[in-house]
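Please read the structure below before turning to the comments.
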Amino acid sequence: MRRKIGTLGFTYIELMAALAVVMVLAAAAIPVFRWDEKRRREGHLRSHLATMRAAIDQYNKYVQEGLIVATDVQQCASPENPRTCFPQSLEDLVKGVEVGDPESPDTKTVIFLQRIPADPFTEEARWGIRSYQDDWDSNSWGGENVYDVYSLSDLRALDGTYYKDW
């Protein structure tokens, strides 16, 4: 059967059906993009926390090995308890400390962090800090030393936990 010349285009119903399909696909893609963005930020947060905690542990290891001389009374509470030998602030890890053998006059400056990273959720280089003397879930820093860091974000992660509990 032959078509008439005026019937070569799409009908209004066909256009509406195609538009509905495109809208459904777009509506499905937006939440996936948001989850992907949040998952990416969570990966950055885990990485930043691991990096800072590793720097704190490395500082503590150097103190325990006697490579960093503890000059502050609060930094090392007592020689019998070397586990409290942690940096006074995160800035100490960025500025670096003099490291050397106590029996040798030669020392070198060791920098544990290039910079304090920004929290991906607060977008600031501010972190919650716990000292060795604080409770493990404390939200206030006693100021004695830096034993642990945590996010200041009140948001929930994709797994339902709070970022500040990581």
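For this structure, a couple of remarks:
- Criterion applied to R46, R53, R41 was being part of a helix (DSSP H, G or I), basic (K, R), at pLDDT 85 or above and surrounded by 17 or more Cβ atoms within 10 Å (Cβ to Cβ), and the one residue passing it is R41.
- Segment 99-150, residues that are exposed (fewer than 15 other Cβ atoms within 10 Å of the Cβ), of a type in the set (K, R) and more than 13 Å from H48 (Cβ to Cβ): K108
- Single match in Q114, Q133 (criterion: assigned to a loop (DSSP other than H, G, I, E, B), without any contact (Cβ under 8 Å) to a residue 40 or more places away in the chain and of a type outside the set (D, E, K, R)): Q114
- Within segment 76-95, tally of residues that are part of a loop (DSSP other than H, G, I, E, B) and modelled with pLDDT of 85 or more: 4
- Just one of (1) of a type in the set (A, V, I, L, M); (2) modelled with pLDDT of 80 or more; (3) within 26 Å of D134 (Cα to Cα); (4) surrounded by fewer than 10 Cβ atoms within 10 Å (Cβ to Cβ) fails for V73. It is (2).
- Qualifying residue in segment 15-37 (condition: under 21 Å from the mean Cα position of the chain (by Cα), closer than 24 Å to R156 by Cα, among the basic types (K, R) and exposed (fewer than 11 other Cβ atoms within 10 Å of the Cβ)): yes
- Residue within segment 101-115 that is of a type in the set (A, V, I, L, M, F, W, C) and touching a Leu at 6+ places or on another chain (Cβ under 6 Å) present: yes
- Qualifying residue in segment 40-49 (condition: more than 30 Å from E98 (Cβ to Cβ) and free of Cβ contacts under 8 Å to residues at least 60 places away in the same chain): yes
- When F121 is tested against the conditions (1) part of a loop (DSSP other than H, G, I, E, B); (2) under 18 Å from L93 (Cβ atoms); (3) at pLDDT 90 or above, the lone failure is (2).
- Scanning segment 151-166 for residues that are out of contact with any helix residue (DSSP H, G or I) (no Cβ under 8 Å at 6 or more places or on another chain), of a type in the set (S, T, Y) and surrounded by 13 or more Cβ atoms within 10 Å (Cβ to Cβ) yields a count of 1.
The values are calculated or read from the model by the stated rules, or taken from the named source; none is laboratory data. Quick caveat: nothing in here was measured; it's all calculated off a predicted structure. Cβ sites come from the backbone with ideal geometry, for glycine too, and all protein chains shown count toward neighbours.
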